[in-house]
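Each remark here refers to the structure printed beneath this line.
The values are calculated or read from the model by the stated rules, or taken from the named source; none is laboratory data. If you're wondering where the values come from, they're calculated on a predicted model, not measured in any experiment. Glycine gets a Cβ as well: all are built from the backbone with ideal geometry, and neighbour counts include every protein chain shown.
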Amino acid sequence: MAGHNPWPDEGNTGHIWDEDIRELDNPPPLWWMLAQYMGFIMIIVYAIYYPTIPTPTGHTQGVAGWTAYREYKEDFETLNAYRAREFAEQEKMLEELSPAEILKNQDLAVYAEKTSKALFGDYCAACHGTGGAGNPDFPVLADDDWLFGGNAQTIYKTLVQGRKGNMPAYAHLGDEKIGQIADYLIAMSEGREGDASVSAGKSLFMGSGCAGCHGATGKPMAAMRDFMGAANLSDGIRRFSAGDYKESMIRTIKYGVNQANENTRYAVMPAFAGRLSDKDLKRLSVYVHRLGGGE
Ligand code: HEC
Ligand code: HEC
């Protein structure tokens, strides 16, 4: 910094670097000051218009009455009105046709699928995962492994009335036998069900009434699925997918599904009749069917 100021008349602050770099004392440009004042004014306008300032019991409400939820509702109504206007014909057909009939009409099925994505995200994905990819305790909907059945009509029935699988608890068999059954089921899922090492488990499976629901080969009869909902044990696709498969099966066998004990598996698909319109339930049935595993 220089000791004396060689440019006394240009309004510099007297701070000079590298011989000739000076700090000037100019006011900011007018446009900049105006933008800053506008900014302050907008803060005040926003604070009055929208919910903004925290209070001990919540926050100021804002004169616009705006809430995110209200905006969502309004957008949703706009969307429905738009659909009713632009796709009146399709919407009417969804109301009148059965899910199976909708599926047969390629264009309508595509329309149903496209208008279901948001619904699925809002009402189903929390349990079944995005795109029906499943969660540890909730079944995958995007594969062709079905508990209750994967034709459009059965899926629709599932959505309307809900489902609650029922498997008794077999704790009375004791840990050793249950372990043998689990070994047999693992072997079965890997195509080694004939191995001599798992023959004890096989006789227990046959002798304990498991086959009545799960089928003698671990594959429930298609005709029975609608009211049984028993899992296919032969395909290696896990119904309850958390942790080690053998441990998981032991727990299911020991404590059953939806039984009155603390460790039982909880497996309830809620009924959606009354929560969603019939038309939306048909739409969703077609969507689930078209996720890839429809029968
Ligand atoms: C609270 C969690 C939950 C929600 C929300 C939910 N489900 Fe389910 N869903 C389940 C459970 C658990 C099962 C398995 C029931 C059983 O094992 O008895 C199931 C089963 C199903 C099945 C039968 C699958 C099969 O293999 O037969 C279909 C189809 C289905 N859900 C579709 C849906 C759709 C579509 C929605 C959204 C409208 C939805 N679910 C919302 C928990 C849920
Ligand atoms: C009354 C019918 C019924 C009987 C009897 C029954 N199960 Fe089940 N089982 C089910 C149902 C239903 C499910 C699927 C539960 C669900 O998702 O709702 C199931 C699920 C299972 C699972 C879980 C599969 C997985 O991938 O996680 C195993 C393992 C199993 N059963 C084994 C057995 C064995 C072993 C026996 C005999 C000791 C047996 N079950 C008897 C109805 C039955």
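Taking first residues from the range 64-89 that are not assigned by TED's automatic domain parsing to the domain that holds Ile44 and partners that are surrounded by 10 or more Cβ atoms within 10 Å (Cβ to Cβ) and not aromatic (Phe, Trp, Tyr), the Cβ contacts under 8 Å between residues at least 6 apart in sequence or on separate chains come to Trp66/Pro51; Thr67/Pro51; Arg83/Glu91; Arg83/Thr115; Ala84/Glu91.
Pairs, please: C-beta under 6 Å, at least 6 apart or cross-chain, first residue of a type in the set (Gly, Ala, Ser) and in the range 131-151, second near ligand 2 (Cβ under 10 Å from one of its atoms)? Sorted first by the residue in the range 131-151, then by its partner, the pairs are Gly149/Arg225.
Filtering the range 217-241 to residues that are at pLDDT below 90, at negative phi and within 24 Å of the chain's Cα centre (by Cα) leaves Asp226, Ser241. Among the residues of the range 138-176, which ones are away from ligand 1 (no atom under 16 Å from the Cβ) and surrounded by 18 or more Cβ atoms within 10 Å (Cβ to Cβ)? Correct list: Tyr170 only. Condition first: among the acidic types (Asp, Glu), touching a helix residue (DSSP H, G or I) at 6+ places or on another chain (Cβ under 6 Å) and exposed (fewer than 13 other Cβ atoms within 10 Å of the Cβ). Can you find one or more residues in the range 88-96 that meet it? Within the range 88-96 (the criterion being among the acidic types (Asp, Glu), touching a helix residue (DSSP H, G or I) at 6+ places or on another chain (Cβ under 6 Å) and exposed (fewer than 13 other Cβ atoms within 10 Å of the Cβ)), the answer is yes, since at least one residue qualifies.
Taking the conditions (1) touching a residue at least 40 places away in the same chain (Cβ under 8 Å); (2) crowded, with 16+ Cβ neighbours inside 10 Å; (3) assigned by TED's automatic domain parsing to the domain that holds Met221; (4) charged (D, E, K, R) in turn, Lys282 satisfies each one other than (3).
Scanning the range 214-253 for residues that are assigned to a loop (DSSP other than H, G, I, E, B), within 16 Å of ligand 1 (Cβ to nearest atom), of a type in the set (A, V, I, L, M) and free of Cβ contacts under 8 Å to residues at least 60 places away in the same chain gives Met221, Leu233.
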